Amino acid sequence: MLSKRVQEALNEQIRIEAESSQVYLAMASWAEIQPGIDNVTSFFYQHSDEERMHMLKLIHFVNERGGFATIPALPQPPITFPSIKHAFKELLKHEIFVSESINKVIDIALEEKDYATHNFLQWYVAEQIEEEALARTMNDKLELIGDDKGGMYLFDRDILTISMAAEAKHQK
Ligand code: FEO
């Protein structure tokens, strides 16, 4: 059974995962109308789907533990982005924020001696390590590319391979 405090913290995390999915969906839709970045577009759509999966996993956990997962209202995400580089910077910033928020929920679970929730959240800790590392890799590559169009062509060509490799590593 979840304590009220843990339930509230998990519901807040549900909101954050839902918001992440929405923000990355906005990036995907924006990227889709930019020329020549089809794989960057797919990356953002996939990332948005992943965040929805993170949200659903939390919803099921809360409900299965005798709590009630509430579905939140979401703010309007940014509609456009100044550049691809900017979008990826936002992605990294957002993932760092999500990691901090997971840590806060874990602190609360420990304070409430809720070891089941603590154990469940370890999956998110591992996922965040991977997502932050992936976002940093993308940002480093974009930094190297600068304004080089050929570099951006290669970035778009390789982005799905890079993210799939990171995902495979996480699932080992
Ligand atoms: Fe579910 Fe990328 O945080």
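The values are calculated or read from the model by the stated rules, or taken from the named source; none is laboratory data. All of these numbers come straight from a predicted model, not from anything done at the bench. Backbone-built Cβ (ideal geometry, glycine too); neighbour counts: all protein chains shown. Side chains included, ligands, DNA and RNA excluded: accessible areas come from the protein's heavy atoms. Shrake-Rupley method; radii C 1.70, N 1.55, O 1.52, S 1.80 Å.
Relative contact order, percent, of the range 20-104 when contacts are C-alpha pairs under 8 Å separated by at least 6 residues? All intermediate terms of the calculation are to be shown ahead of the outcome.
Values: 56 pairs, mean separation 28.6, N = 85.
Relative CO of the range 20-104 lands at 34 percent.
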Q | Crossing angle, helix 84-111 versus the chain [Cα axis fit, 0-90 degrees, rounded to tens] | A | 10 degrees
Q) Largest first, how would MET27, MET55 line up by accessible area (1.4 Å probe)? A) MET55, MET27
Q | C-alpha long axis of helix 4-32 to longest principal axis of the chain, angle in ° | A | 20 degrees
Q: Among VAL6, ILE33, HIS54, pick out the residue whose Cα is farthest towards the positive end of the charge dipole of the range 6-71, where Lys and Arg carry +1 and Asp and Glu carry -1 on C-beta, about the Cα centre.
A: VAL6
Q) Considering the dipole of the chain built from charges on the beta carbon (Lys and Arg +1, Asp and Glu -1) around the Cα centre, which of ALA165, MET138, VAL125 is farthest to its positive end? A) VAL125
Q) Given the C-alpha centroids of the range 58-88 and the range 1-48, what is the distance between them in whole angstrom? A) 5 Å
Q: Sort MET53, MET152 by accessible area with a 1.4 Å probe, largest first.
A: MET53, MET152
Q | Accessible area of the chain belonging to carbon and sulfur atoms, whole % at 1.4 Å probe | A | 57 percent
**Q.** Within straight-line cross-link reach of LYS113, lysines at Cα separation under 26 Å, skipping those fewer than 8 residues along the same chain
**A.** LYS4, LYS57, LYS104
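Stokes-Einstein at 20 °C, 1.002 mPa s, Kirkwood radius from Cα pairs: D for the chain in µm² s⁻¹?
In µm²/s, the coefficient rounds to 126.
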Q) Rolling a 1.4 angstrom probe over the protein heavy atoms, how many square angstrom per residue are accessible across the chain? A) 54 Å²
Q.
For the pair GLU132/SER83, report the inter-label distance in nm, with labels modelled 7 Å from Cα in the Cβ direction.
A. 2.6 nm
